[in-house]
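Participant: If you scroll down you'll find the structure; I have some questions about it.
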Amino acid sequence: MKKIDEHFETTMEAWGMMQKTSGDEGAEWAERFERYFYEFIEELKKWWMTLDSKPTTIEELEELPEIKKWMDKIPAPVQLNFLTELEDMLEGVDSERFD
């Protein structure tokens, strides 16, 4: 869990920097944010695979204390992406990322 939290914090730091910068620097922070976000998601998926009793609905998944903790801190513009990733985890979809 600590590793996931560290990835989450790095992601949120990049989000903050992305909001404060513009131009080329802003674009660099946006790329970092995206990369860190999906690294966080990968760690989340590893954790998901270790759960003995997995939720069967998105509502149950959102009620897990760990998920709630992150959901409360994720900026509104990113929440939809996070929910989509949670739904994919729930349905066993392994989405591919292309750069």
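The values are calculated or read from the model by the stated rules, or taken from the named source; none is laboratory data. Computed from a predicted model, the values in this text were never measured in an experiment. Cβ coordinates were reconstructed from backbone atoms using ideal geometry, including for glycine residues, and neighbour counts include every protein chain displayed. Note: accessible area is taken over every heavy atom of the protein model, side chains too, but ligands, DNA and RNA are not part of it. Shrake-Rupley method; radii C 1.70, N 1.55, O 1.52, S 1.80 Å.
Participant: Taking the condition of being under 20 Å from the mean Cα position of the chain (by Cα) and not in a helix (DSSP H, G or I), how many residues in region 19-38 meet it?
Facilitator: 0
Participant: OK, next. Please work out which one of (1) over 13 Å from the mean Cα position of the chain (by Cα); (2) of a type in the set (A, V, I, L, M, F, W, C); (3) open to solvent by 60 Å² or more (accessible area, probe 1.4 Å) is the condition A76 fails and give its number.
Facilitator: Answer for A76: the failing condition is (1).
Participant: In addition: Across region 5-43, what is the number of residues that are of a type outside the set (A, V, I, L, M, F, W, C) and either over 20 Å from E66 (Cβ atoms) or open to solvent by less than 30 Å² (accessible area, probe 1.4 Å) (or both)?
Facilitator: Qualifying residue count, region 5-43: 16.
Participant: Mind checking which pairs have a first residue in region 1-18 that is in a helix (DSSP H, G or I) and a second that is crowded, with 19+ Cβ neighbours inside 10 Å and among the aliphatic types (A, V, I, L, M), Cβ under 7 Å, 6 or more apart or different chains?
Facilitator: Hits for this filter: I4/L44.
Participant: Which ones in region 79-94 are surrounded by 11 or more Cβ atoms within 10 Å (Cβ to Cβ) and without any contact (Cβ under 8 Å) to a residue 12 or more places away in the chain?
Facilitator: Across region 79-94, the qualifying residues are Q79, T84, D88.
Table: residues versus (1) in contact with a strand residue (DSSP E or B) (Cβ under 6 Å, 6 or more places away or on another chain); (2) β-branched (V, I, T); (3) modelled with pLDDT under 95.
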site	(1), (2), (3)
K2	no, no, yes
T11	no, yes, no
F33	no, no, no
Y36	no, no, no
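Participant: Still on this model: Collect the residues in region 49-66 that are of a type in the set (A, V, I, L, M) and in contact with a Lys or Arg (Cβ under 9 Å, 6 or more places away or on another chain), keeping them in residue-number order.
Facilitator: Hit for region 49-66 is L61, nothing else.
Participant: Search region 44-59 for residues being out of contact with any Asp or Glu (no Cβ under 7 Å at 6 or more places or on another chain) and not in a loop (DSSP other than H, G, I, E, B), and hand back the single one that is most open to solvent (accessible area, probe 1.4 Å).
Facilitator: Among them, the one singled out is M49.
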